[in-house]
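Everything below concerns the one structure shown next.
The values are calculated or read from the model by the stated rules, or taken from the named source; none is laboratory data. Just so it is clear, the model here is predicted, and its values are computed rather than measured. Cβ atoms come from the backbone with ideal geometry, glycine included; neighbour counts cover every protein chain shown. Heavy atoms of the whole protein, side chains included, go into the accessibility calculation; ligands, DNA and RNA do not. Shrake-Rupley method; radii C 1.70, N 1.55, O 1.52, S 1.80 Å.
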Amino acid sequence: MSVQTERTDAVPAAGISKTDAPPPGEGQNRTGKRGGASAPYLLLLPALAATVVFLGWPLVKNGLLSFQNLNPRQLILHLTEWNGIDNYQEVLSGSEFWKVVARTVVFTAANVVLIMVFGTLIGLLLARLGKRMRLTLLLGLVLAWAMPMLAATTVYQWLFAQRFGVVNWILDKLGWHSMADYNWFGTQFSTFSVVTLLIVWQSVPFVAINLYAATTTIPKELYEAASLDGAGAWTSFTSVTFPFLRPFLWATTFLEIIWVFKSFAQLFAINRGGPDRLTETLPVYAFVEGVGNQHFGMGAAISFLTILTLLALTAYYLRTVIKQEEDEL
């Protein structure tokens, strides 16, 4: 006589159904997905740590310094004298600061307009040249772009030197004998002209090469359709080329504004902000007041205001980029 027994695994436990049990490997997949989702953040940690150490901490120290009265006396006696917002009040209430701000805005606007105009024209020229001429022009642009900033500034100092400069010698040979011993760094306008030529020469390659790369993404069928409709060169540019290049031109313009606005080495190395401090922009003004005149708290306040201005420009640029991406979606 046999006794039948029920298998215990055939009867589910109270309150638990077979459908509630997770399928095999589901818990492992969720764990793997969590690990995969955190991987990008782990990869960003070294860059974030370097940014905090080399940029964040000096920025915090500079901000704290801007609220102190730090001069040679305090440095020698190792004193920390907090003066609140006195440095900011003195800077913002002074007429010299606002003159430098206006000078910086005009200088930045003139440079950016010239950079974008010449960079766009050269970029469009690259798209129309043959292979050999394009490679030759690209080589020249890359060499100009790759030259170190201070080396390029030194070359321009030699070119525009008063007594033995190549520019004065050429102008003298061409008939402008009054330019034989002309001092290019003796007036505000001439000094700014040399610096502007230097900055434009250094910045045009970036715009031109990137714009040429952008033109290669434009479908050729659009140009063929425009030519069949009877469109000329200008109409093809305004109806086909420019709409495709508009996002690039917008982004590049803001990048150049930020780059020119914070330019320091060219202006300071050319003439140290002279003559008579008439070519000082905000970065040079902050350095001269802080390190040159040893008013370190004042210089820190000026530099912090400059940083806030750049952060505002950057925030506006990022907001514009995000809005463009949302519109495309």
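Go through Phe237, Phe254, Phe264, Phe296 for me and flag whichever is touching a helix residue (DSSP H, G or I) at 6+ places or on another chain (Cβ under 7 Å), among the hydrophobic types (A, V, I, L, M, F, W, C) and either more than 29 Å from Tyr88 (Cβ to Cβ) or open to solvent by less than 40 Å² (accessible area, probe 1.4 Å) (or both).
Sole residue among the options that is touching a helix residue (DSSP H, G or I) at 6+ places or on another chain (Cβ under 7 Å), among the hydrophobic types (A, V, I, L, M, F, W, C) and either more than 29 Å from Tyr88 (Cβ to Cβ) or open to solvent by less than 40 Å² (accessible area, probe 1.4 Å) (or both): Phe254.
Just to verify a result, which residue in the range 167-187, among those that are part of a helix (DSSP H, G or I) and open to solvent by less than 70 Å² (accessible area, probe 1.4 Å), is nearest to Trp259 (Cα to Cα)?
Across the range 167-187, the extreme among qualifying residues is Val167.
So the check is Cβ under 6 Å with 6+ separation or different chains; which pairs have a first residue in the range 312-325 that's free of Cβ contacts under 8 Å to residues at least 60 places away in the same chain and assigned to a helix (DSSP H, G or I) and a second one that's of a type in the set (Val, Ile, Thr) and surrounded by 13 or more Cβ atoms within 10 Å (Cβ to Cβ)?
Here the result reads Leu313/Ile258, each pair linking the range 312-325 to a residue that is of a type in the set (Val, Ile, Thr) and surrounded by 13 or more Cβ atoms within 10 Å (Cβ to Cβ).
Only one of Val194, Val204 is touching a Phe, Trp or Tyr at 6+ places or on another chain (Cβ under 7 Å) and over 23 Å from Lys131 (Cα atoms); which?
After applying the criteria, what remains is Val194.
Those residues that are closer than 18 Å to Ala102 by Cα, outside any helix (DSSP H, G or I) and either of a type in the set (Ser, Thr, Tyr) or open to solvent by 20 Å² or more (accessible area, probe 1.4 Å) (or both), I need them from the range 267-293; list them, please.
Matches in the range 267-293: Pro275, Asp276, Arg277, Leu278, Thr279, Thr281.
Regarding Leu150, is this residue touching a helix residue (DSSP H, G or I) at 6+ places or on another chain (Cβ under 9 Å), farther than 25 Å from Phe268 by Cα and either surrounded by 13 or more Cβ atoms within 10 Å (Cβ to Cβ) or in contact (Cβ under 8 Å) with a residue 24 or more places away in the chain (or both)?
no
Among the residues of the range 191-209, write down those that are among the polar types (S, T, N, Q) and surrounded by 16 or more Cβ atoms within 10 Å (Cβ to Cβ).
Listed by number, the residues that qualify are Thr191, Thr196, Gln202, Ser203.
Checking Thr309 against (1) among the hydroxyl-bearing types (Ser, Thr, Tyr); (2) in contact (Cβ under 8 Å) with a residue 60 or more places away in the chain; (3) surrounded by fewer than 20 Cβ atoms within 10 Å (Cβ to Cβ); (4) closer than 26 Å to Asn71 by Cβ, which single condition isn't satisfied?
Answer for Thr309: the failing condition is (2).
Given the conditions (1) surrounded by fewer than 16 Cβ atoms within 10 Å (Cβ to Cβ); (2) touching a Ser or Thr at 6+ places or on another chain (Cβ under 7 Å), and given that Asn87 satisfies all but one, which numbered condition is not satisfied?
That leaves (1) as the condition not met.
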